[in-house]
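The values are calculated or read from the model by the stated rules, or taken from the named source; none is laboratory data. Being a predicted model, the structure only gives us computed values, none of them experimental. A quick note on method: Cβ atoms are made from the backbone with ideal geometry, for glycine too, and the neighbour counts reach across all protein chains shown. Ligands, DNA and RNA are excluded from the accessible area calculation, which covers all protein heavy atoms including side chains. Shrake-Rupley method; radii C 1.70, N 1.55, O 1.52, S 1.80 Å.
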Amino acid sequence: MIAVIQFGGSNCDRDAVRALSDLGFEAERVWHEDPLPENTTGIMLPGGFSYGDYLRGGAMAARSPVMNAVRDAIEDGIPVLGVCNGAQVGCESGLTPGAFTTNASARFQCERVYLRVENADTPWTSAYEEGEVIELPIAHGEGRFEIDDEGYEELESENRILFRYCDADGNVTDEANPNGSRGNVAGILGENESIAVLMPHPERASLPTLGNTDGRGVLQGFGN
């Protein structure tokens, strides 16, 4: 069962459960003050505005009681995916390096973007080909990925960058970078490939009724 953690202010938890269920997974929402169900096989940190994004996006949720249980689950090999605000929670809690901060535009941005698959040899990207371009929506005001030089070089050398923002032809350019993320980074791995965070929303591009199923491959990572 995939536990979709519901923080105060989460607003994509129901979307995540529906998308995962459509893919054949058993999924349910788990309130952040409650223990993880014993039959948890995966954990998703969904998007939204946990605690109203006070202080910093994800900073307060990262200190929620459930995150201790998430860390214990990671030690047991349970996969974790953070999306948008969940990606911020992942960084703020140390599950992944770097930080997501205010967009270069200083505006909330809600639009569709193109992503280039940088590493297809992970559970979260095995449904794609390396270099493949997919289209996912973003909806964030603090989506700009930042990391110091040493950390960035480590991500690159260890092939832990999953996606980069690009244009429709797969070109990674400043113009295709919606928020000013360093290196156009849109998604990364943690210290092992069972932990991943990304700013775009795969669950919003997973149902045929939405007219775009490019995000299904990311969510399928829970079964790999």
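If I ask for residues that are under 29 Å from A106 (Cβ atoms) and open to solvent by 10 Å² or more (accessible area, probe 1.4 Å), which ones from segment 211-224 would you list?
The answer is N212, D214.
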Just checking, does segment 188-206 include any residue being surrounded by fewer than 20 Cβ atoms within 10 Å (Cβ to Cβ) and in a helix (DSSP H, G or I)? no
Candidate set: segment 152-181, residues that are touching a residue at least 12 places away in the same chain (Cβ under 8 Å) and of a type in the set (S, T, Y); chosen: the one farthest from V133 (Cα to Cα): Y152
Restricting to segment 136-154, name every residue that is within 18 Å of G47 (Cα to Cα) and either assigned to a helix (DSSP H, G or I) or not β-branched (V, I, T) (or both). L136, P137, A139, H140, G141, E142, G143, R144, F145
I'd like to check something: does segment 155-166 contain any residue that is modelled with pLDDT of 95 or more, in a loop (DSSP other than H, G, I, E, B), open to solvent by 20 Å² or more (accessible area, probe 1.4 Å) and among the small types (G, A, S)? no
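Suppose the filter is modelled with pLDDT of 95 or more and loosely packed, with under 14 Cβ neighbours inside 10 Å; does T173 pass it? Steps first, answer last, please.
Numbers: modelled with pLDDT of 95 or more: yes; loosely packed, with under 14 Cβ neighbours inside 10 Å: yes.
Yes; evaluated as a whole, the condition is true for this residue.
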Can you confirm whether L95 is of a type outside the set (F, W, Y), modelled with pLDDT of 95 or more, within 15 Å of the chain's Cα centre (by Cα) and not in a loop (DSSP other than H, G, I, E, B)? no
Can you name every residue in segment 46-68 that is among the hydrophobic types (A, V, I, L, M, F, W, C) and either surrounded by fewer than 19 Cβ atoms within 10 Å (Cβ to Cβ) or touching a helix residue (DSSP H, G or I) at 6+ places or on another chain (Cβ under 8 Å) (or both)? F49, L55, A59, M60, A61, A62, M67
If you go through G77, G8, G24, G86, the only one that is out of contact with any Cys (no Cβ under 7 Å at 6 or more places or on another chain), of a type in the set (G, A, S), under 23 Å from L162 (Cα atoms) and not in a helix (DSSP H, G or I) is G77
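Any idea which of S93, S21 is farther than 24 Å from G217 by Cβ and either out of contact with any Pro (no Cβ under 9 Å at 6 or more places or on another chain) or open to solvent by less than 10 Å² (accessible area, probe 1.4 Å) (or both)? Step through it out loud before you land on a result.
Working: S21 fails: farther than 24 Å from G217 by Cβ.
Testing whether each residue is farther than 24 Å from G217 by Cβ and either out of contact with any Pro (no Cβ under 9 Å at 6 or more places or on another chain) or open to solvent by less than 10 Å² (accessible area, probe 1.4 Å) (or both) leaves just S93.
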Would you please list the contacts, defined by Cβ atoms under 6 Å and residues six or more apart or on different chains, that run from a residue in segment 104-130 that is within 18 Å of D174 (Cα to Cα) and part of a loop (DSSP other than H, G, I, E, B) to a residue that is open to solvent by less than 80 Å² (accessible area, probe 1.4 Å) and among the β-branched types (V, I, T)? E118/I161
Considering segment 184-212 alone, what residues qualify as being among the charged types (D, E, K, R) and under 23 Å from N103 (Cβ atoms)? E203, R204
For the condition closer than 28 Å to L207 by Cα and crowded, with 18+ Cβ neighbours inside 10 Å, what is the one hit in R112, R116? R116
